[in-house]
Every structure is written in C-alpha cells, then in structure tokens.
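Report on one structure; see the data block that follows.
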Amino acid sequence: MGGQTLSFAVEEFCMFTGAAFPDEERIASINAYLGAFSIAWALAEGEDIVITGRCGLSAVTPGACIQRFGRSTNDSPAAV
C-alpha cells in the first residue's frame, strides 16, 4: 500500500434490511467501519501501522491475529 488510496463500491441499499437508500439530499452522514479482515489485509501487504478512521472495537487485536496466524473468512470457529 504505502500511500495508495483504496476505493470501494458503494451499495445503493441497506445491507441489513435491503431497503433502498434515501435521496442524497436527505442523508446527514454515513459511517463505514473497518473490520478485522481489512486490518489483516493491510498488515499482510507489509504495513507496520494501520490507521483507521472508524474501526469496530473487536477488530484491532483479531486483525493482527488473523494476519499472524493465517486465518481466513472460510475458517470454521472450530479451526480457531
């Protein structure tokens, strides 16, 4: 990474309910939180420090552990 900017596709619906987003004029703010696998990805890319704007509280330590111990989203809880 080292100074690269990441961009992500914006979905036009609520991930929890499937409802359509309101018009842009009616939106006051939208927050995106980094999870453990985003942190693990940055560490795997060689970053020593990961600065996050918003991050789930339970993502920081698991992110480092996922990268260190080679976990993936396909692992079953029993494998951990």
Selection from segment 46-62 of residues surrounded by 10 or more Cβ atoms within 10 Å (Cβ to Cβ) and part of a loop (DSSP other than H, G, I, E, B) yields Glu47, Val50, Thr52, Gly56
Scanning segment 28-45 residue by residue, those at pLDDT 80 or above and either at positive phi or surrounded by fewer than 10 Cβ atoms within 10 Å (Cβ to Cβ) (or both) turn out to be Ala28
Please work out if Thr52 is of a type in the set (Ser, Thr, Tyr), touching a helix residue (DSSP H, G or I) at 6+ places or on another chain (Cβ under 9 Å) and modelled with pLDDT under 80. no
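The values are calculated or read from the model by the stated rules, or taken from the named source; none is laboratory data. Please read all numbers here as calculations on a predicted model, not as lab measurements. Note that we place each Cβ from the backbone using ideal geometry, even for glycine, and neighbour counts take in every protein chain shown.
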